[in-house]
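The values are calculated or read from the model by the stated rules, or taken from the named source; none is laboratory data. Since the structure is predicted, the reported quantities are computational estimates derived from the model, not experimental observations. All Cβ positions, glycine included, derive from the backbone under ideal geometry; neighbour counts span all protein chains shown.
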Amino acid sequence: TGAANSITVLAASERGGLLHAPDCYMEKLVVGPSCKGAVDLDAPVQDNLRAIAKRLARDVHDLVVIVLDRPRHEKLIGDIRKAGARIRLIGDGDLSAGISAAVLGSGVHAVMGTGGAPEGVITAAAMRCLNGEILARLVYRDDQVERIQAMGVRDLKKIYRSEDLAPGKNIVFAATGVTDGFLRGVRFFGEGIRTLSLVMTKASGKVRFVDSIHVNPQPDFKVRF
């Protein structure tokens with residue numbers, strides 16, 4: 001669609017290091033390192049926002065919360081506004097939003113709402129590398145229960161933390177910008193393209209940005225910086 005903050009992403013770990021999440025929805029709450037342990041998925045929105053504000057030493061009115069712009073979030077949006085925080089509605093991409101919430105200076109302090117469960121696992125992998133936190137719980141229809149249980153999920157009401165969704169010790173997370181957002185989008189020139197990628201490894205604690213030029217290897221190709 002050309003919307004901002006589109007990325008391609010990969011998360012990997014050793015066997016068993018990433019939860020095999022069912023293809024259903026997941027209720028999510030994502031915060032940065034300063035707010036780890038301060039929020040509760042079962043707590044009222046107002047209480048969580050107050051806890052976030054306290055950890056960040058600011059007023060609730062100064063908080064920015066990202067929410068997917070969906071009809072199912074009507075009550076959540078109302079609760080956030082009633083508490084006094086600001087909302088940034090997005091059409092897609094709660095994964096990109098989650099990464100922003102874990103990075104200082106991004107202007108995003110939390111992500112709330114329901115999105116895809118597999119994306120929640122990928123977000124958890126990023127949180128393990130950035131020291132952020134995601135709290136999550138499966139949201140499902142009655143006709144999905146049997147399939148979810150067949151995938152090994154026993155407690156359908158369980159609240160998952162980052163370490164539950166991505167328990168691996170050797171997590172690798174990589175994302176490349178497609179359209180402009182927290183990563184610069186793809187740039188085209190006559191003989192190729194230029195991309196910007198984020199590569200993070202849990203074991204080493206490294207966060208790297210990789211600026212790459214990909215050329216069409218013709219005999220007379222030219223590179224543009």
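Quick one: what pairs do we get from segment 19-42, first residue basic (K, R), second assigned to a loop (DSSP other than H, G, I, E, B), C-beta under 8 Å, 6+ apart or different chains?
These pairs meet every condition: K36/N131; K36/G132.
Filter segment 173-209 down to the residues that are in contact with a Leu (Cβ under 8 Å, 6 or more places away or on another chain), part of a strand (DSSP E or B) and under 21 Å from N131 (Cβ atoms) and list them by number.
Across segment 173-209, the qualifying residues are F173, A174, A175, S197, L198, M200, V207, R208, F209.
Only one of I99, I87 is among the aliphatic types (A, V, I, L, M) and without any contact (Cβ under 8 Å) to a residue 60 or more places away in the chain; which?
Testing whether each residue is among the aliphatic types (A, V, I, L, M) and without any contact (Cβ under 8 Å) to a residue 60 or more places away in the chain leaves just I87.
Which of the residues belonging to segment 160-177 are among the polar types (S, T, N, Q) and either buried (at least 17 other Cβ atoms within 10 Å of the Cβ) or at pLDDT below 95 (or both)?
S162, T176
For G113, indicate whether it is on the phi > 0 side of the Ramachandran plot and at pLDDT below 95.
no
Would you please name the residue that is surrounded by the fewest Cβ atoms within 10 Å (Cβ to Cβ), looking only at residues in segment 59-71 that are under 20 Å from the mean Cα position of the chain (by Cα) and of a type outside the set (K, R)?
D69
Got a number for residues in segment 141-163 being within 22 Å of G17 (Cα to Cα) and out of contact with any Lys or Arg (no Cβ under 8 Å at 6 or more places or on another chain)?
Of the residues in segment 141-163, 11 are within 22 Å of G17 (Cα to Cα) and out of contact with any Lys or Arg (no Cβ under 8 Å at 6 or more places or on another chain).
Can you tell me which residue is surrounded by the most Cβ atoms within 10 Å (Cβ to Cβ) among those in segment 72-84 that are under 20 Å from the mean Cα position of the chain (by Cα) and among the hydrophobic types (A, V, I, L, M, F, W, C)?
Only one residue fits best here, namely I80.
Looking at segment 106-128, can you tell me whether even one residue there is loosely packed, with under 14 Cβ neighbours inside 10 Å and without any contact (Cβ under 8 Å) to a residue 24 or more places away in the chain?
No, the conditions are met nowhere in segment 106-128.
Check whether at least one residue in segment 82-100 is small (G, A, S) and over 30 Å from L198 (Cα atoms), and report yes or no.
Yes, some residue in segment 82-100 is small (G, A, S) and over 30 Å from L198 (Cα atoms).
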